[in-house]
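The values are calculated or read from the model by the stated rules, or taken from the named source; none is laboratory data. The model shown is predicted, which means the values in this text are computed figures rather than measured ones. Counting neighbours? That spans all protein chains shown, and the Cβs are built from the backbone with ideal geometry, glycine included. The accessibility values were calculated without ligands, DNA or RNA, using every heavy atom of the protein model including side chains. Shrake-Rupley method; radii C 1.70, N 1.55, O 1.52, S 1.80 Å.
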Amino acid sequence: MLFNELKITEVEVIHLRVPALDEACEWGEDGVLIRVHTNAGITGVGESDSSPMMIEGCIKATQSHGSSQGLERLLIGENPLEIERLYTKMYNGTHYAGRRSTMIHAISAIDMALWDIAGQFYKVPVWQLLGGKFREKIRAYGTFIPSAVKEENVARTTELLAQGFTSLKFGGGPLGKNAETDYEIIKTVCETARGINKDVEIAIDLASAWRTAGHTIEMAKKLEEFNLLWIEEPITDDVLAGYRKVSQSTSQKLAGGETLTTRYEFANFIEKSGADFVQPDVTRCGGITEMVKIYDMAHMAGMKLVPHGFSTGILIAATVHFLASREHGDLIEYSQSTSPLFTSLVKNQIAFEDGYVAVPNTPGLGVELDEEIIAKYRVN
């Protein structure tokens with residue numbers, strides 16, 4: 001089939017969930033992936049780390065008017081290889097209903113799938129379409145949720161270093177609830193890790209739990225002895241004046257941005273936050289297309305881009321292809337979730353080995369989904 005004959009025929013939305021709908025759900029225990037189908041039999045895969053039911057609504061909604069349309073309606077009959085044009089069409093066609101947040105999350109999943117289709121059609125990896133690869137492997141940092149029990153944090157830290165991680169990040173759970181507890185958890189992990197490898201990098205993620213700039217400054221100064229790689233989202237990234245106040249008051253480096261969408265929000269964060277690291281998530285920020293623009297802005301501002309990523313192997317694949325294609329894309333987050341949606345959804349998941357993940361050479365994103373896992377946990 002010629003490139004100009006390729007057409008989108010359907011955008012399939014798949015809602016997955018491990019617990020029942022009326023039960024509590026932890027990070028990584030639900031997910032939403034999409035498959036963009038074409039008239040050539042090529043199917044692209046994408047995902048969004050967002051609310052599955054809201055994503056389905058964004059994609060399957062009927063038209064309200066020209067600037068309030070469902071994404072599938074905008075895409076049927078279009079050529080999936082025209083990725084930049086389709087991103088613009090989706091953004092403009094949902095202007096009243098979207099522009100930020102969930103609609104951009106849905107666009108992110110579709111954009112990812114369009115890059116997957118293009119790679120399969122041209123028979124090259126996505127990193128090739130993005131300009132080539134700078135590296136064969138990418139160093140990974142392991143992310144885990146700490147415990148309130150010291151011995152459990154010692155065991156978890158020891159286990160991760162034994163696997164080959166040279167960089168760790170932890171957050172969630174009890175972290176951020178109490179200043180004394182926070183200090184003891186961080187001290188335990190740092191002392192344990194550096195007792196094994198004195199050069200290991202350690203970052204912490206507060207998920208905005210420290211709330212105020214004042215408390216963050218107090219804690220950051222107290223933690224300077226541990227030489228953290230970064231303190232992530234100590235306060236909400238809506239409060240950029242607070243970020244800047246913290247950055248000007250401590251030697252600790254700040255990171256944030258995982259909840260932001262589009263180049264426009266990131267431009268504001270990059271300009272005003274004073275942060276050292278910016279962390280777009282490819283499943284939320286606008287997909288690979290928007291991620292490239294955010295990277296360029298961060299690079300010009302002297303900030304390092306290290307993507308957020310705590311979902312499935314689809315996200316890992318998209319992030320690896322993106323990072324491989326960027327000059328300074330040399331660090332990736334690697335979830336330690338035990339959810340089957342992380343461990344088993346992608347049959348050929350890019351694996352962590354000896355501190356790194358390898359960059360694949362298969363066409364597109366190279367993702368092979370496990371249909372049995374989909375059938376087992378599918379909601380819709």
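Free of Cβ contacts under 8 Å to residues at least 24 places away in the same chain and of a type in the set (A, V, I, L, M, F, W, C): which single residue out of Leu161, Leu129, Leu240 fits that description?
Leu129
Which residue pairs have Cβ atoms under 9 Å apart, sit 6 or more places apart or on different chains, and have a first residue in the range 96-124 that is open to solvent by less than 40 Å² (accessible area, probe 1.4 Å) and a second that is acidic (Asp, Glu) and assigned to a helix (DSSP H, G or I)?
If the second residue must be acidic (Asp, Glu) and assigned to a helix (DSSP H, G or I), the pairs left are Ile104/Glu290; Ala106/Glu56; Ile107/Glu290; Ser108/Glu290; Ile110/Glu72; Asp111/Glu290.
Please give the number of the condition Thr289 fails out of (1) among the β-branched types (Val, Ile, Thr); (2) in a loop (DSSP other than H, G, I, E, B); (3) surrounded by fewer than 24 Cβ atoms within 10 Å (Cβ to Cβ); (4) touching a helix residue (DSSP H, G or I) at 6+ places or on another chain (Cβ under 6 Å).
With respect to (1) among the β-branched types (Val, Ile, Thr); (2) in a loop (DSSP other than H, G, I, E, B); (3) surrounded by fewer than 24 Cβ atoms within 10 Å (Cβ to Cβ); (4) touching a helix residue (DSSP H, G or I) at 6+ places or on another chain (Cβ under 6 Å), Thr289 is out only on (2).
Just checking, how many residues over the range 341-359 are within 22 Å of Ala162 (Cα to Cα), part of a strand (DSSP E or B) and either within 17 Å of the chain's Cα centre (by Cα) or among the aromatic types (Phe, Trp, Tyr) (or both)?
So the first thing to find is which residues in the range 341-359 are within 22 Å of Ala162 (Cα to Cα), and the list is 342-343, 349-358.
From what's left, part of a strand (DSSP E or B): 352-353, 356-358.
Remaining after also requiring either within 17 Å of the chain's Cα centre (by Cα) or among the aromatic types (Phe, Trp, Tyr) (or both): 352, 356-357.
Selection size over the range 341-359: 3.
So which helices (runs of 4 or more DSSP H) are wholly in the range 67-149 and hold at least 2 residues that are touching a helix residue (DSSP H, G or I) at 6+ places or on another chain (Cβ under 8 Å) and of a type in the set (Val, Ile, Thr)?
Because the criterion is at least 2 residues that are touching a helix residue (DSSP H, G or I) at 6+ places or on another chain (Cβ under 8 Å) and of a type in the set (Val, Ile, Thr), the helices (runs of 4 or more DSSP H) in the range 67-149 that meet it are 101-122.
Within the range 312-331, track down each residue that is within 26 Å of Ile374 (Cα to Cα) and either β-branched (Val, Ile, Thr) or open to solvent by 10 Å² or more (accessible area, probe 1.4 Å) (or both).
Passing the criteria: Thr312, Ile314, Ile316, Thr319, Val320.
Applying the selection to the range 266-277, what residues are in a helix (DSSP H, G or I) and out of contact with any Gly (no Cβ under 8 Å at 6 or more places or on another chain)?
Passing the criteria: Ala267, Asn268, Ile270, Glu271, Lys272.
Just to be sure before I move on: is Ala275 surrounded by 24 or more Cβ atoms within 10 Å (Cβ to Cβ), at pLDDT 95 or above and under 29 Å from Ala358 (Cβ atoms) in the structure I sent?
For Ala275, the condition - surrounded by 24 or more Cβ atoms within 10 Å (Cβ to Cβ), at pLDDT 95 or above and under 29 Å from Ala358 (Cβ atoms) - is not met.
Residue by residue through the range 360-376, note down the ones that are outside any strand (DSSP E or B) and either modelled with pLDDT under 95 or open to solvent by less than 10 Å² (accessible area, probe 1.4 Å) (or both).
Leu365, Ile374
Being open to solvent by 10 Å² or more (accessible area, probe 1.4 Å), part of a helix (DSSP H, G or I) and free of Cβ contacts under 8 Å to residues at least 60 places away in the same chain is the filter here; which residues of the range 292-305 pass it?
Lys293, Tyr295, Asp296, Met297, His299, Met300, listed by residue number.
Among residues belonging to the range 138-176 that are of a type in the set (D, E, K, R) and open to solvent by 10 Å² or more (accessible area, probe 1.4 Å), point out the one that is nearest to Ser311 (Cα to Cα). I'd like the intermediate steps shown before the answer.
Step one: of the range 138-176, the residues of a type in the set (D, E, K, R) are 139, 150-152, 156, 159, 169.
Subsequent filtering for residues that are open to solvent by 10 Å² or more (accessible area, probe 1.4 Å) retains 139, 150-152, 156, 159.
Working: Arg139: 18, Lys150: 27, Glu151: 27, Glu152: 24, Arg156: 20, Glu159: 21 Å.
Taking the candidates together, the pick is Arg139.
Per-residue answers, yes or no, for (1) touching a residue at least 40 places away in the same chain (Cβ under 8 Å); (2) of a type in the set (Asp, Glu); (3) open to solvent by 20 Å² or more (accessible area, probe 1.4 Å); (4) touching a Leu at 6+ places or on another chain (Cβ under 8 Å):
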site: Ile185; (1), (2), (3), (4): no, no, no, yes
site: Ala193; (1), (2), (3), (4): no, no, no, yes
site: Asp199; (1), (2), (3), (4): no, yes, yes, no
site: Ile202; (1), (2), (3), (4): no, no, no, yes
site: Leu206; (1), (2), (3), (4): no, no, no, yes
site: Ala213; (1), (2), (3), (4): no, no, no, no
site: Glu218; (1), (2), (3), (4): no, yes, yes, no
site: Lys221; (1), (2), (3), (4): no, no, yes, no
site: Trp230; (1), (2), (3), (4): yes, no, no, yes
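If I filter the range 5-54 down to residues being among the acidic types (Asp, Glu) and part of a strand (DSSP E or B), which single residue comes out as least open to solvent (accessible area, probe 1.4 Å)?
Among those that are among the acidic types (Asp, Glu) and part of a strand (DSSP E or B), it is Glu47.
Only residues that are open to solvent by 10 Å² or more (accessible area, probe 1.4 Å) and under 25 Å from Gln120 (Cβ atoms): list them for the range 62-73, please.
Glu72, Arg73
Any residue at all in the range 38-52 that's under 18 Å from Ile373 (Cβ atoms) and either among the charged types (D, E, K, R) or without any contact (Cβ under 8 Å) to a residue 40 or more places away in the chain (or both)?
yes
Go through the residues of the range 263-272 one by one and say whether even a single one is out of contact with any Lys or Arg (no Cβ under 9 Å at 6 or more places or on another chain), more than 30 Å from Tyr377 (Cα to Cα) and of a type in the set (S, T, N, Q).
yes
How many residues does the range 195-214 contain that are at positive phi and not basic (Lys, Arg)?
Selection size over the range 195-214: 2.
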